[in-house]
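Every read-out reported here was derived from the displayed coordinates using simple, explicitly stated rules and does not represent laboratory data. Values in this document were obtained by computation on a predicted structure and should not be read as measured data. Methodologically, a virtual Cβ is constructed for each residue, glycine included, from the backbone with ideal geometry; neighbour enumeration extends over all protein chains shown.
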Amino acid sequence: MIDGNENTTHFGAREVREDEKASLVQDVFSSVASRYDLMNDLMSGGIHRLWKDAMMDWLAPRSHQRLLDVAGGTGDIALRFLKRAHGASAVVVDLTEPMLDEGRKRAERSGLSDRVEWVAGDAMSLPFPDSDFDVCTISFGIRNVTKIGDALAEGFRVLRPGGRLMVLEFSQVTVPALRGIYDLYSFSVIPRLGQAVTGDRDSYRYLVESIRQFPDQDSFAAMIRQAGFEQVRYRNLTMGIAALHSGWKI
């Protein structure tokens, strides 16, 4: 039972103590790590790959850049970045070691192990000095953070002046007629798919619920500005099922 004096946050549709959420998120991603990439393909019909391509197109990686991919998990974004910018380097930081283990395997298979570093760490307290990176990305991870504002502030801190933040996250559907269909698919199909593929229905129920708890496009843009970023813009993807947010440290 939660004491009325304790700070709370949401974990999907549940209310939990703030100091509990990180370990609950770790449990979710530890459970699904080995099948995480496969489930992304199955859940989205492969569309997540197009969203990530759109992210790279807008980001336009350059060879001299140093990337920090926060909540980077299996390294999908970092590896895409490195493939587009042959002289660049990347650091992937994630709370969950099994996800990083999967990422290391992917990097080895891609021949990119020498250009990417894997670090276990918390998005709200990044283990890096100020002004250490040119680019900071967060892909489908910011909604799992206990205090989103703290994570955005940390992204601002570790970016160099002129550095760029880009966030890819599920968002709010912009076409009313699609919302009912999307909800039916999300709450009825995805947890069943998670059970069939990973043996874990509850983790995918949480992931669906966490999307519904996340701020809409304009509200999240306002949070990015509050963290200190300027020239904040966003682009809806697939009628707002996902959105890309961009901001600059100037």
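If a spin label sat at a point 7 angstrom from the Cα of Met239 along the line to its beta carbon, the backbone N atoms of region 163-187 nearer than 19 Å would be those of 169-187.
The fraction of all Cα pairs in region 131-193 landing in successive 10 Å bins from 0 to the largest distance is 19, 34, 26, 17, 5, given as whole percents.
Taken over the Cα atoms of region 65-190, the convex hull encloses 136 Å³ per residue. Starting from a Cα-only point model with no solvent, please compute log10 I(q)/I(0) by Debye for region 67-118 at q = 0.14, 0.16, 0.17, 0.26 1/Å. Per q value, in the given order, log10 I(q)/I(0) is -0.26, -0.34, -0.39, -0.92.
Within region 1-59, the proportion of Cα pairs with more than 20 Å between them is 52 percent.
For the peptides 122-129, 148-155, 69-76, 30-37, the ranking by mean Cβ contacts within 10 Å, running from highest to lowest, is 69-76, 148-155, 30-37, 122-129.
The calculated pair-distance distribution of region 37-107 uses every alpha carbon pair, bins of 10 angstrom beginning at 0, and gives 20, 49, 29, 1 percent. For region 107-250, the Stokes-Einstein estimate of translational diffusion at 4 °C and a viscosity of 1.567 mPa s comes to 77 µm²/s, using the Kirkwood hydrodynamic radius over alpha-carbon pairs.
Averaging Cα coordinates gives a centre for region 74-117 and one for region 123-192; these two points are 18 Å apart.
Fully extending the segment from Asp101 to Leu24, taken as 0.36 nm per residue of separation minus the present Cα-Cα distance, adds 25.8 nm. Dipole magnitude for the chain: computed about the Cα centre from +1 point charges on Lys and Arg Cβ and -1 point charges on Asp and Glu Cβ, it is near 960 debye.
Which value in deg cm²/dmol, rounded to the nearest 500, describes the helix-derived mean residue ellipticity at 222 nm for the chain, given -39,500 (n - 2.57) per DSSP H run of n ≥ 4 and division by the residue count? Using -39500 (n - 2.57) per qualifying helix, the result is -13500 deg cm²/dmol.
Each of Gly46, Tyr36, Gly12 was placed along the dipole of region 11-103 (beta-carbon charges, centred on the mean Cα), and the one lying farthest toward the positive end is Gly46. The magnitude of the dipole of region 1-131, with charges of +1 and -1 set on the Cβ of Lys/Arg and Asp/Glu and taken from the Cα centre, is near 840 debye. Farthest towards the positive end of the charge dipole of region 98-233, among the residues Gln226, Ser186, Pro127, is the Cα of Ser186, using unit charges on the Cβ of Lys, Arg, Asp and Glu. Mean projected area of the Cα convex hull of the chain, taken over all directions, amounts to 13.2 nm². Projected over all directions and averaged, the alpha-carbon convex hull of region 1-141 occupies 9.8 nm². For the chain, the residue among Thr96, Cys136, Thr238 whose Cα projects farthest onto the positive side of the dipole built from Cβ charges is Thr238. Simple point charges give the picture: +1 on the Cβ of Lys and Arg, -1 on the Cβ of Asp and Glu, and for region 156-250 a dipole about the Cα centre of about 340 debye.
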